[in-house]
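Quick notes on the structure that follows.
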Amino acid sequence: MSRHTASPTVLFVAILAMPLSGCNVARLTINTPLTPDSVSFITAGQTTLTDVVTKLGAPDSITEAERGTVVTYRFLNAKYARVNFGWLVKPWSPVDPDLVFSRSGMGTDALELLCDSNWVVTHQAFVRHRPDPLFTPYPF
Amino acid sequence: MRRAGLLLGVILLTLNGCAFSRGTLGEEIKTETVNSIKKGVTTRADVLAQLGAPDRLLQLNGRDLFQYYRYDAKVGSLLLILINFSRVSVKSDDLFIIINHEGIVEEVIASKRTGNLEFRFWPFGD
């Protein structure tokens, strides 16, 4: 392909792309999402809080409970997708039409550990067991 | 060479712009300050002198729990004509100090997650 034929091709691709503009894909992550695999090293009655902190870092909160100390790791994995189909008719329309489909999914969750007075983990559980959200703009 | 030129042309024609933003909440928790806090030695007054008042003060089985935190958020956006990609990454540095009845530090729990926080715009994958 010569230099003279490349430029119209690029321009053609760009012109094709312009009416399709209006798509957005965004993501928000707070802390590193934890999975059952990433916390499989925790054994109730054996693993200490020091072991957990060494692998996962400091928790987000430590609170007192009747049967020990509750240590909580919070994380969020939110996904957002948006398509504006109004842009398809924008070149031929006298107004600026919008037909927006968008959807967001909040994969918020927390890992809670119950520690005894010696800082040994006695129980552990995820709070919500939410599935990982998908990038899907279709809201229905 | 021609293919590279074509690719560069496509990128230049479809790249509408890009954006980088950052936000922080709280004071930086310096590693050397955390390392200077010794279990069984450092007092409550020393902690307050070095780090100031805690962001949260809790009671833990009759002991004081000082929590210090700092949040760091980085936003990267790639704005193309066809589609926009953006990603917000937030991580926190947390420091917990447990102080016993005698006012001596009993336990220090700290981690610095923001050290490896990067600007990312690609929303897919991990």
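Summary of values
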| quantity | calculated |
| --- | --- |
| Accessible-area value, B:Arg113, 1.4 Å probe, nucleic acids and ligands omitted, Å² | 30 Å² |
| Probe 1.4 Å, accessible area per residue of segment A:25-85, Å² | 46 Å² |
| Sparse-neighbourhood loop sites, trypsin sites (Lys or Arg not before Pro) in segment B:1-71 - DSSP loop, at most 11 other Cβ within 10 angstrom | B:Lys38 |
| Helix-only mean residue ellipticity at 222 nm for the protein assembly as shown, each DSSP H run of n ≥ 4 adding -39500 (n - 2.57), per residue, nearest 500 | -5500 deg cm²/dmol |
| Accessible surface ranking that places the most exposed of B:Ile83, B:Ile99 first, with a 1.4 angstrom probe | B:Ile83, B:Ile99 |
| Label-point separation, A:Val127 to B:Trp122 (7 Å along Cα→Cβ), nm | 3.1 nm |
| Under 12 Å from the Cα of B:Lys38 - aspartates and glutamates, other chains or at least 8 residues apart | B:Asp46, B:Glu106, B:Glu107 |
| Sequence of B:Trp122, A:Trp87 when ordered by accessible area, the most exposed leading, probe 1.4 angstrom | B:Trp122, A:Trp87 |
| Note, ³J(HN,Hα) from phi for segment A:100-117, Karplus 6.51, -1.76, 1.60, rounded to Hz, x at Gly and Pro | 9, 10, 8, 7, 10, x, 9, x, 7, 7, 8, 9, 10, 10, 9, 10, 8, 5 |
| Fully extended contour minus Cα-Cα distance, from A:Asp96 to A:Thr35, at 0.36 nm per residue | 17.5 nm |
| Beta bridge orientation in segment B:17-116: antiparallel %, DSSP, nearest 5 | 100 percent |
| Percent accessible area from carbon and sulfur atoms, segment B:17-116, protein chains only, probe 1.4 Å | 53 percent |
| Helix axis angle, B:2-14 relative to chain B longest principal axis, alpha carbon, degrees | 70 degrees |
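The values are calculated or read from the model by the stated rules, or taken from the named source; none is laboratory data. Keep in mind it's a predicted model, so treat the numbers as computed, not measured. Note: ideal-geometry Cβ built from the backbone for every residue, glycine included; neighbour counts use all protein chains shown. Just the protein is used for accessible areas: all its heavy atoms, side chains included, with ligands, DNA and RNA removed. Shrake-Rupley method; radii C 1.70, N 1.55, O 1.52, S 1.80 Å.
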